[in-house]
Amino acid sequence: MVRAASLVHDGERGSAALGALAVLVLVAAFAAAAYLPLASGVRAAARAEGKAEARAEALDAVLAALPVLEEGAADGVDSRAELEALEASFAGALLVDDVSSRFNPNLLRKNFIEKTTLARLLKPDALVDALQQARVDRGLSVDIMTAYGDFFEAESLEAWFTPYTYASVNTDDEFALERLWFEATGDSSGAAAFREANRRQLEALKLLSPGEFAAWYGVEAAALEPFVGAEPGLNVNLAEMEVLEAALSYPTYGIESPRAVAESLAAAARSRDLDRAALAAIAVLEEGHPAEAWLGTRTWFWRIFARSGDVWFRAIIRMENGADGKPEAIVVEFREGGPEDDPLKRHD
């Protein structure tokens, strides 16, 4: 892997999807036609626009934060202390938060919505069958406020949902996964075969580890990693207690008091870094417990607000494991905008 630090100095890293991935982060890496180098190319484009100097300065700050995010993830744990230290090092000019440790309405199984505490976030007349059908009909959307405003109140979408997650065969809706496969590849028969494999996995009550994903779904599916895989999506070190409670409240998981477990995890995460062993011990989860499909210690998408003078800029950073297994941070969206006008509420 070429480290992100090199981007700031000599622009050695090749390219990252800054086109369609900014429109729909889940499929753009396969569909994007416009790629810009993350160093000289992006900065040159930035300077060609209005507020060029401020924009370029903010982008430089974002790029400077990437190696810190990579180093923080190297031990498999993205912690609150690391996040606070990163923000402090920029003296208030950089705000960083986890935007993947929430629920993605593009992907959630309808039964999970109905049978967990997420059900109380539904509008009174909203039907999960209609939500599922709407996703099949129109595809996935990064504009969750518009796409799912008929099903959830705006305040709920702002606080507890996100379009910025990877898809997981352990937690996500089979029809949404099929649609994702089709949008990514254009292969309808391959998408149907992928859904059938997912159905067999669900029937077998099989919780796949990331390493087992390709063996179950085949080399074609492995080509979609990390956008589709088997990584847990919620970082217990940074997820809100209510999100953890919802993840633990699915009846099939058999957790007697989801709220108490979620409160214990959230309280512990505020005092120390939680690795996978600490997570399992606090939540009292045996190895292979189905709730492990949700609960992890990595953040997969970060949001950075960078201030230059009086102007704020917003970046979305996705994390993946490079060919050498080391974490890699990639900018997938960069535009003007601050915390006050962002559709997703910031969790301080």
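Going by C-beta contacts inside 10 Å, put 249, 100, 257 in order with the fewest on the left.
Fewest-to-most ranking of 249, 100, 257: 257, 249, 100.
Starting from the range 262-348, pick out the GluC sites (Glu not before Pro) whose DSSP state is loop and whose Cβ has at most 14 other Cβ atoms within 10 Å.
In loop regions of the range 262-348 (DSSP not H, G, I, E or B), the sparsely surrounded GluC sites (Glu not before Pro) are 286, 287.
If you rank 297, 116 by fewest surrounding Cβ atoms within 10 Å, what's the result?
Ranked by crowding around the Cβ, least crowded first: 116, 297.
In which sequence would 189, 156, 79 go, from the one with the fewest C-beta neighbours within 10 Å to the one with the most?
Result, fewest neighbours first: 189, 156, 79.
Dipole of the range 110-229 (Lys/Arg Cβ +1, Asp/Glu Cβ -1, origin at the Cα centre): which of 128, 182, 207 lies farthest to the positive side?
207
Where in the range 234-258 is the amide nitrogen less than 12 Å from a point lying 7 Å along the Cα-to-Cβ axis of residue 205?
Under 12 Å, as judged by backbone N against the label point of residue 205, lie 252-254 of the range 234-258.
Size of the dipole of the range 163-254 about the Cα centre, Lys and Arg at +1 and Asp and Glu at -1 on the beta carbon, nothing else charged, in debye to 20?
My answer is approximately 220 debye.
Taking a 31 Å limit on the Cα-Cα distance, which of the listed pairs 115/206; 206/345; 123/206; 115/326; 51/326; 123/345 fall beyond it?
Pairs exceeding the cut-off: 206/345; 123/206; 115/326; 51/326.
Over the chain, what is the relative contact order in percent, taking alpha-carbon pairs closer than 8 angstrom and at least six residues apart?
Computed over the chain, the figure is 24 percent.
Where in the range 90-199 are there GluC sites (Glu not before Pro) that are in a DSSP coil and have at most 15 other Cβ atoms within 10 angstrom of their Cβ?
Passing both the DSSP loop test and the Cβ count: 153.
Can you tell me the 0 to 90 degree angle between the C-alpha axis of helix 80-89 and the longest principal axis of the chain, rounded to 10?
Helix 80-89 sits at roughly 10 degrees to that axis.
By how many degrees, between 0 and 90 and to the nearest 10, does the Cα long axis of helix 128-138 differ from the longest principal axis of the chain?
It works out to around 50 degrees.
Return one number: the angle in degrees, 0 to 90 and rounded to the nearest 10, between the long axis of the Cα atoms of helix 174-185 and the longest principal axis of the Cα atoms of the chain.
Approximately 40 degrees, to the nearest 10.
Mind telling me which of 104, 321, 198 comes out most flexible in a GNM of the chain, alpha-carbon contacts under 10 Å?
Ranking 104, 321, 198 by mean-square fluctuation puts 321 first.
Can you tell me the dipole magnitude for the chain around its Cα centre, using point charges on the Cβ only (Lys, Arg +1; Asp, Glu -1), in Debye to the nearest 20?
Computed charge dipole of the chain: roughly 280 debye.
Ratio to report: Rg/Rh of the chain, with Cα atoms as the point set and Rh obtained by the Kirkwood method; give two decimals.
Here Rg/Rh amounts to 0.95.
Read-outs throughout are calculated quantities, based only on the coordinates presented, and are distinct from any laboratory measurement. No experiment lies behind these values; they were computed from the predicted model shown. Virtual Cβ from ideal backbone geometry, glycine too; neighbours counted across all protein chains shown.
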